[in-house]
Structure formats: structure tokens, C-alpha cells
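Enquirer: First, the structure itself, so that you have it in front of you.
The values are calculated or read from the model by the stated rules, or taken from the named source; none is laboratory data. No experiment lies behind these values; they were computed from the predicted model shown. Positions of Cβ are generated from backbone atoms using ideal geometry, with glycine treated the same way; all protein chains shown enter the neighbour counts.
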Amino acid sequence: MSSPRRPPRAVLLLAVSFITLAISAAVRAQEDYDYDEKVNPPPAAQDRCIGVFLTYTFISRTKEYPHVKNASAQSYAFKSTAAVLNTMTTDLPAWNMFIGFQHHEILVSASGAVITDGTDFPVNVENGTSLSGFPQTDLMNAIDTAGDLSQIRVEMHFTGTQFGVKPPGTPMPRTIKLLNDGYKCPAPTKKGSQMYVCCVKDPKFKAKKTEETRFLPRRYGDLTIAYDVLRSYDSNYMAQITIDNNHPLGRLDNWNLTWEWKRGEFINTMKGAYTLRKDISDCIYGEAGNYYQSLDFSTVMNCEKKPIIVDLPPEKEKDDALGNIPYCCKNGTLLPPTMNITQSKAIFQLQVYKLPPDLNRTVFYPPQNWKINGFINPNYVCGPPIRVSPMEFPDPNGLMSETEAIASWQIVCNITRPKSKHSRCCVTYSAFYNESVVPCNTCACGCSEDAACNPVATALLLPPEALLVPSENRTAKAKAWASINHRHVPNPLPCWDNCGVSMNWHIVSNYRKGWTARITLFNWADYTFKNWFVALEMDKFYRGYEKVYSFNGTKLQGPGRINKTIFLQGLEGLNYLIAETDGKDPSVDPRVPGKQQSVISFTKKETPGINIVKGDGFPTRLYFNGDECELPDDIPTASGPRHSVSQLAVVLFTVVALLSTVDYF
């Protein structure tokens, strides 16, 4: 019997080459694509958890364009899931989960949840993010639901982009935890592409005593918004929105309120406010037009998914069709309660139409992603709507009884400090013992990317008279002042501050028993500020405050930093900070800012050891209309002789500013 014939050598080499190429291609594909989309079984620790069990599972990723050689700069599109499971005997209302992303992730979408602070997608979450449930905001317990997973568990699906973890590495978060009050979470367990942790109730946590209801208690916030359903029908309901400004320094001018409808709702009518756009195209060409075919959409207020709502002007306050709502129609002004308690609230009502499958008079989904802002006002960050006990209202017939809303939600908004170079107002410093003015920081209120100036160079010191002209007209004065004082002038020159409002804090005098300062407000905007206010936070000299001469001044009382704050506002009839105007000859003279000014006196009796010349006379923080202004990085020093020329310049500056103020009032 003859032996089997061997394949030719060339055929063997060809086969080996083909196999090698196939393996190489598979390896390269593995670097670009991770296809592991299998569902991991629940961890065994889930069965032992008596609390809230959190999981995060990485599913897959794909290399995105552009393909780059630098591994840390390569982007990948990823998919992942997270889950929250209530394994307790009690409900978990308003669950809130934190995921500590750490690979420069950008979330593009998330189903089953919304970003807690209302940020829109796509959102940069490289420092982690907080997620809240929508539409399933609460998790019931297994006992009351017969173990129905759809009521005790929620699953979120994420898509996004991450950078810098080269396959086969797995880009996992740094941590996951539950943010609800009264729970503690150990470090999570990581196994491959899954991370999990069991968060349990903290026995040391003492919750505030509240009425026993199945809803969460109302919370305090710098600004709170109530969303109350007053009347309900199968296809629509009437809601009332109440905005309360609670912070003693909080304020909004020309407020804009926006939210996001998540289930196709639209606004049919509104009283006490209106939407900036009356856009009905989304209704006519969308699901609403298909369902409400007999509805006249020409009368509909707004069909946008993200409407922008503004207040009515005062002349509409008694208008039967648009106004006649308590606390409405103030042109969008919300004053702090320290100024006027009746003007710290706004109310409006709207009729909301729903779409299937929500056509039931007991089914309500409040809008999500709430945002509110104003003109040169604090930056508010709002949380998600939280279901609270129904709001109670006085009986409309004047009886002693009270009526309840059908359903109520509360949105809590808090003030955040502006980031560096993102303020909307700034401060300059000067003193009798130094000839130069320390200007606002470079780009204090931002700079355009294509600016020809230097956005990071230190601002040039100024002569006092330069404060009276717009920043774009100060260049020649700043360069001349630097030349006189033999200071270096960088090339390109530093950018100016670009702020609509600036303030100068000037140390006027220093004597044995006390000292004085002068504050001057400059309005460089095309907007007149009515009922303006300034707040001075003073760590070192609050107790020494005596009197402000041309403004009303009040020492605030309250918790934390409020207890070190002086509140200043214009006198009756002088509470307008007018807009910038043209000079006498617009073709030659620079524009003239609106100005207000006052001297403030302080005693040293209550502040022993204060050293004004060494810089103790400058405020810790300064606010204009609630917005924290950026302070200079430096303060004037007492180096060098105190020339009489410097004093003369300050006096001239004071006289010019006062005369300008008198001209306008």
C-alpha cells in the first residue's frame, strides 16, 4: 500500500501565511473593536445585600475617527449599563447615583436616567457625574410589589466617547455610589468589566423630623421651583409654577426659565408668563398633529421640546387673558428677600397637553432638565423634579379651608461660584498710598478665541483717570503709565477684562481710630440696572463697619459667610445704575459709563490689630446683583514714597466721578 501523498511545500507555506495574516487581522480588529456584548449574570453579592445594590457594566467600544498614533489621544465609542436595585423592605424615593468616570468620557445618551444638574447631552463627565431617575424616579420594595423587578430595579444604558485606554484594557469608572441622604457605600468591587457595591443605611444618620408621608420632604435651596398640578383631565392638565428666591444675595433680572419635555407634551395656553417663541411646527408635523387632528394649533402657545419662558411686563399685570396671576408681571425681576419679600416670588400657570400612552387623569410626568438664568446674576444649577406632598392653597372663595394640588414636585436650584475668567463683573483696587490702580484681571469676564491680545498676561497697572474710560480706550494710557514708571510692556498686550460691570474699591484714609474707603460702580453695558445692590464680604473688618454715606447700608445676619456681609443699595430715587452713553462728541470722546459712588467709614475699636497699609482693608468677596465679581490677583502696596501727586489724582478722580453722577440724577 502506497503512503499518502504529501501536499506540495508551496501549498503548506501559503496556508501558514494565510493563517498568520488571519490571526494578525483578528488582533488588529480586537484593538479597534470590543464585541463583548454578553450580559453578565448578577453578582452573588446581590443576594446578600440588604440595602441598595449598584452595578456598572462595560459592554463594548469601537475606535472612532480620527485614528491617531498617540494612544492617550485616541477616542473610542463605548456602550455600558448601570443598574440600581432596591433590596430593602422600604421604598427608595428619588434615587441618585454617582458614577466616577475617569477617562475623559463624554456621555452622548442615557436611557432610564437624566443628569441630576440638568445638563444637556452630550456632556463632559470626566470628573464623574450624578444621575437621577426618569421616568422611574422612585424604587418600590419587593414586599409591596411581590418582587416585581420592573418596580424595584432600574437599568440605564449609556453611549458615549472615552479616551486613552488601549485594548485589551477596560475603561472602568473610578467608583460608583448612592448619593441619597442616609446611606453609606464601601469601596466597590471590580471584576473584569463589571463593578458593584451594596450601599446600606447609615445607623448614625439622623433625618429631620417631618410629617409621615410617602413623599420626600421639601428641601431648602437658594432658589426653589414648585410644579403643582391644579386640575386634570384625560388628555391635559393645568399646572402652576412658583419660583421662590430664598438666598439673601440671590437675584434674577429678566429671568429665562427652560426645561425639557420628555414625553411629547406641549403648552396650549399660559398666564403670567409667555414663551419667547410661538413655534407650533413640532406639533403639526409630529405625533401631536397625528393625535389631535381636530385641534386648532394656530392658538397653541408653544410646541418646542425645550421652551424658553419669560416673565410678562408690568402693564400686563391686570390683563384678563395673559395676567391676573399673583406675583406675576415684574419684567423678570426676582429680588432677594432682604430687599423686598413680595418681589422675591414669581408665579405663572400653563395648560399642558399629553400624548399616548399617558392619557389618564392620574398620569403626570413633570418636565426635566430645568435651567434658570438672568442678566449679570448668579449662576444657578437646578436638580431634578422631586415628588413632594401636594401643595396646599387658600380656598379661592375666601373660606378658612385649604385646597390641595393633585400632585406636586419641587426643583431645588443652588448658586455656584463662577470659574476664573467666567465672571460677569470685576473689581479694581486702589489706595491713597499707591499711585497706580490694580486693574481687573485679564479676561476676567472671558475673551474670544481669536483675540489679538494676550489672554494670560498680567494686566497692566493703570493711572486713576483710566478708570473713567472704556477698556478699549485705555491702551494708550496704560502704555504711557508703564513707561513713566519704567515697567515692562508685554507684546502682545494683555487682553482687557471684557466685563459689563466693574467696581473700584479705593482706600481713602487711615487714621488712629478708623479708616475710610470709597466704592465706585461703573456700568459699561447697554442696560440700566434698577434696584441694584452690592454685597461686601469682609472677613477682617466687618465688625468695624460704621456708615455708608450715599447708599443704604445694612449688616446682614445669617449663617456662614452671610454673617460677615454688608448689603449696599441705592437711596430712594437714586437706585438706577444707568447704561453706558455716548460722550459729548461721539466722533472723538469715548463712551461714558453709568456711575454710582459712596464713601464708607470704619472704626478700629472693634477690629484691633487691623493693618490697612498692609492690605487688610480690601474685601474678601464682592457681589453685584448677586453675581460674585472677580477680584484682582494683587493689592496695592505701600512701597515707595507717598507723593502729593498721587493724592491729587485721587481727589480729581473723586470729583469727576461725583460730578458725572450728579449730571444723571
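Enquirer: Any idea which of (1) under 30 Å from the mean Cα position of the chain (by Cα); (2) part of a strand (DSSP E or B); (3) among the aliphatic types (A, V, I, L, M) is the one residue 195 doesn't satisfy?
Expert: It fails just one condition, (1).
Enquirer: Specify which of the listed residues (554, 603) is among the hydroxyl-bearing types (Ser, Thr, Tyr), touching a residue at least 40 places away in the same chain (Cβ under 8 Å) and touching a helix residue (DSSP H, G or I) at 6+ places or on another chain (Cβ under 8 Å).
Expert: Exactly one residue qualifies, and that residue is 603.
Enquirer: Under 19 Å from residue 214 (Cα atoms), surrounded by 19 or more Cβ atoms within 10 Å (Cβ to Cβ) and among the polar types (S, T, N, Q) - does that describe any residue in the stretch 144-164?
Expert: Scanning the stretch 144-164 turns up no residue that is under 19 Å from residue 214 (Cα atoms), surrounded by 19 or more Cβ atoms within 10 Å (Cβ to Cβ) and among the polar types (S, T, N, Q).
Enquirer: Somewhere in the stretch 335-350, is a residue aromatic (Phe, Trp, Tyr) and outside any helix (DSSP H, G or I)? Show your work before the answer.
Expert: To start, the set of residues in the stretch 335-350 that are aromatic (Phe, Trp, Tyr) comprises 348.
This time we only want the ones that are outside any helix (DSSP H, G or I), so: 348.
Scanning the stretch 335-350, I find at least one residue that is aromatic (Phe, Trp, Tyr) and outside any helix (DSSP H, G or I), so the answer is yes.
Enquirer: Then there is this: So, residue 652, is that one of a type in the set (A, V, I, L, M, F, W, C), at pLDDT 90 or above and within 22 Å of residue 440 (Cα to Cα) or not?
Expert: Here the answer is no, as residue 652 does not meet what is asked.
Enquirer: Name the single residue, out of those in the stretch 536-585 being among the acidic types (Asp, Glu) and assigned to a loop (DSSP other than H, G, I, E, B), that is modelled with the lowest pLDDT.
Expert: 585
Enquirer: Which residues, counting only those in the stretch 257-301, are within 25 Å of the chain's Cα centre (by Cα) and either free of Cβ contacts under 8 Å to residues at least 24 places away in the same chain or outside any loop (DSSP other than H, G, I, E, B) (or both)?
Expert: Within the stretch 257-301, 257, 258, 259, 260, 273, 274, 275 meet the criteria.
Enquirer: Considering 133, 112, 118, which residue is buried (at least 18 other Cβ atoms within 10 Å of the Cβ), in contact with a Cys (Cβ under 7 Å, 6 or more places away or on another chain) and not aliphatic (A, V, I, L, M)?
Expert: One residue alone meets the criteria, 118.
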